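The values are calculated or read from the model by the stated rules, or taken from the named source; none is laboratory data. Only a predicted model underlies this, so the values are computations on that prediction, with no experimental measurement involved. Note that we place each Cβ from the backbone using ideal geometry, even for glycine, and neighbour counts take in every protein chain shown. The area values use the complete protein model at the heavy-atom level, side chains included, leaving out ligands, DNA and RNA. Shrake-Rupley method; radii C 1.70, N 1.55, O 1.52, S 1.80 Å.
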Amino acid sequence: MSKQTGGTPFTPHSTTSGMIGGGFYDANSAAQWKAIEAVLPLVNKAAASLPIEGTGTVGLADFGCSEGRNSIAVMQQALAILLPRTKRPVQTVHSDLPSNDFSKLFLTLGAGRQKAFDSEQVFSAAVGGSMFDQLLPDSSVHLATTFNAIGFLSRRPVDSLPGYILPNGPSTARGNGYVSEEDRNAFADQAKRDVGAFLKARSRELVPGGKLLVQVFGGNEDARTCDGIYDLLNDAVLASVGTGDIAAETYDRYYQAVYMRTLAELTAPVTKDRYGASGLFQIEDTKSYEVAVPFNERYAADGDLDRYATDYVNFFRAFTEAVLKAALPATADRDRLVDRIYDRAVELLKANPERYPFRYIAIAMLLTRTG
Ligand SMILES: C[S@@+](CC[C@H](N)C(=O)[O-])C[C@H]1O[C@@H](n2cnc3c(N)ncnc32)[C@H](O)[C@@H]1O
């Protein structure tokens, strides 16, 4: 990994190579779907008001699609509203980092015949690139969306985060670490700059009057979506520092460049000048909400601790493993060490499940491209 602040071994303007592929993300993202389901009324509202008079192709694009199960389900929802409104051909685009595993997405789409959308009017494509760059032609998109993705920052704003593995710091309940105020501010600022860059890129791609729905995990005055899961990963990684498997210096430099925003932090770049995107969009709707987490509900119902611990750890392993692995020296034992860390997380959770309560807080804004 580069020693430069902001440098990562990943695609420019990204800080991860993506989720665990091979079907693992799709199989472990029921909680993310719950967070998407709660904003489907905003998808409907957007699809019902897209500016689709005229001729040519109508464009729908989802950024940060991962393996596609949730992304395709959102497109199906938007198409159910859109197709009765127009005879124009529709191009759906699923976009993620070039290093994302797109194979499951193509299989689910039903290559060639668009089985997933069951319409000869719909043509699908996948595009690799960072969502913080323009990825599609000017004025080619009518509806753009992103779900559970824009919290992954475009760059590492500090070189090391010695007291914890996430910029938001530990939960108040667990308190197993620290993040200085200065570092915290650097991440908060980066998160706003990222929204500014995202808005700028999408503003070029969207037609005037086009809609942009931005939804992501975050925090409110009560809880944050990092509480519990990152406390547990931090404890598991520290256990490997304790055994000497991970050097203290490696721990200092390792962090997940993910930031839990509040709704105010998400919307600020839409209106504030300093993020380069003010005036490009008008805010139509916002939402800050919490969803029930499927693995929590299941555990409450059946009390099966083994199953709970496996589901809980697989959930966060899907989106943290790539970054943890890249932070460790590339030794012959690295894959086994990664396995041991997540196995340790399962053990720690089973020993003290009440120590790591997890809640899913999410935020969203629906915007219209001005002009
Ligand atoms: C937690 S997954 C969300 C997947 C899907 N949208 C969902 O809600 O289930 C986050 C996705 O964002 C992608 N991602 C992270 N940084 C990105 C970037 N800079 N540009 C594009 N995609 C990015 C990751 O590769 C990953 O597939």
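Please enumerate the residues belonging to the range 86-115 that are modelled with pLDDT under 95, polar (S, T, N, Q) and either at positive phi or more than 16 Å from the ligand (Cβ to nearest atom) (or both).
GLN114
Could you tell me whether any residue of the range 185-204 is free of Cβ contacts under 8 Å to residues at least 12 places away in the same chain and either buried (at least 19 other Cβ atoms within 10 Å of the Cβ) or under 21 Å from ASP159 (Cβ atoms) (or both)?
Within the range 185-204, one or more residues are free of Cβ contacts under 8 Å to residues at least 12 places away in the same chain and either buried (at least 19 other Cβ atoms within 10 Å of the Cβ) or under 21 Å from ASP159 (Cβ atoms) (or both).
Answer yes if at least one residue in the range 177-192 is over 21 Å from SER288 (Cβ atoms), assigned to a loop (DSSP other than H, G, I, E, B) and among the acidic types (Asp, Glu), and no otherwise.
No, the conditions are met nowhere in the range 177-192.
For the range 295-310, name all the residues that are open to solvent by less than 40 Å² (accessible area, probe 1.4 Å) and either closer than 12 Å to SER29 by Cα or not hydroxyl-bearing (Ser, Thr, Tyr) (or both).
Of everything in the range 295-310, those that are open to solvent by less than 40 Å² (accessible area, probe 1.4 Å) and either closer than 12 Å to SER29 by Cα or not hydroxyl-bearing (Ser, Thr, Tyr) (or both) turn out to be PHE295, ALA309.
When ALA277 is evaluated against the numbered criteria (1) open to solvent by less than 40 Å² (accessible area, probe 1.4 Å); (2) farther than 24 Å from TYR360 by Cα; (3) assigned to a helix (DSSP H, G or I), which criterion, by number, is the only one it fails?
Going through (1) open to solvent by less than 40 Å² (accessible area, probe 1.4 Å); (2) farther than 24 Å from TYR360 by Cα; (3) assigned to a helix (DSSP H, G or I) one by one, ALA277 breaks only (3).
Would the range 86-95 turn up any residue that is assigned to a loop (DSSP other than H, G, I, E, B), among the charged types (D, E, K, R) and in contact with a Ser or Thr (Cβ under 7 Å, 6 or more places away or on another chain)?
Within the range 86-95, one or more residues are assigned to a loop (DSSP other than H, G, I, E, B), among the charged types (D, E, K, R) and in contact with a Ser or Thr (Cβ under 7 Å, 6 or more places away or on another chain).
So, in the range 226-242, exactly how many residues are assigned to a loop (DSSP other than H, G, I, E, B) and either in contact with a helix residue (DSSP H, G or I) (Cβ under 9 Å, 6 or more places away or on another chain) or more than 21 Å from ARG317 (Cα to Cα) (or both)?
Looking only at the range 226-242, we keep the residues that are assigned to a loop (DSSP other than H, G, I, E, B), and these are 226-228.
Still in the list and also either in contact with a helix residue (DSSP H, G or I) (Cβ under 9 Å, 6 or more places away or on another chain) or more than 21 Å from ARG317 (Cα to Cα) (or both): 228.
Result for the range 226-242: 1.
Open to solvent by 10 Å² or more (accessible area, probe 1.4 Å), out of contact with any strand residue (DSSP E or B) (no Cβ under 6 Å at 6 or more places or on another chain) and farther than 24 Å from SER14 by Cβ: is that true of THR271 in this structure?
So THR271 fits the description; yes.
Would you confirm whether or not the range 314-337 contains a residue that is among the acidic types (Asp, Glu) and within 16 Å of the ligand (Cβ to nearest atom)?
Kept after step one, since they are among the acidic types (Asp, Glu), are these residues of the range 314-337: 321, 333, 335.
Okay, now just the ones that are also within 16 Å of the ligand (Cβ to nearest atom), so 321.
Yes, there is a match, as at least one residue in the range 314-337 is among the acidic types (Asp, Glu) and within 16 Å of the ligand (Cβ to nearest atom).
Any idea which of (1) in contact with a helix residue (DSSP H, G or I) (Cβ under 6 Å, 6 or more places away or on another chain); (2) open to solvent by 10 Å² or more (accessible area, probe 1.4 Å) is the one ALA78 doesn't satisfy?
(2)
I'd like to verify a number: residues in the range 224-268 that are among the acidic types (Asp, Glu) and buried (at least 19 other Cβ atoms within 10 Å of the Cβ), how many?
The qualifying residues number 3.
Taking the range 137-153 as the search range and keeping residues that are under 20 Å from the mean Cα position of the chain (by Cα) and of a type in the set (A, V, I, L, M, F, W, C), which one is most open to solvent (accessible area, probe 1.4 Å)?
PHE152
Name the one entry in ASP138, ASP159 that is more than 16 Å from the ligand (Cβ to nearest atom), over 22 Å from GLY18 (Cα atoms), assigned to a loop (DSSP other than H, G, I, E, B) and of a type in the set (Asp, Glu).
Unique residue meeting the criteria: ASP138.
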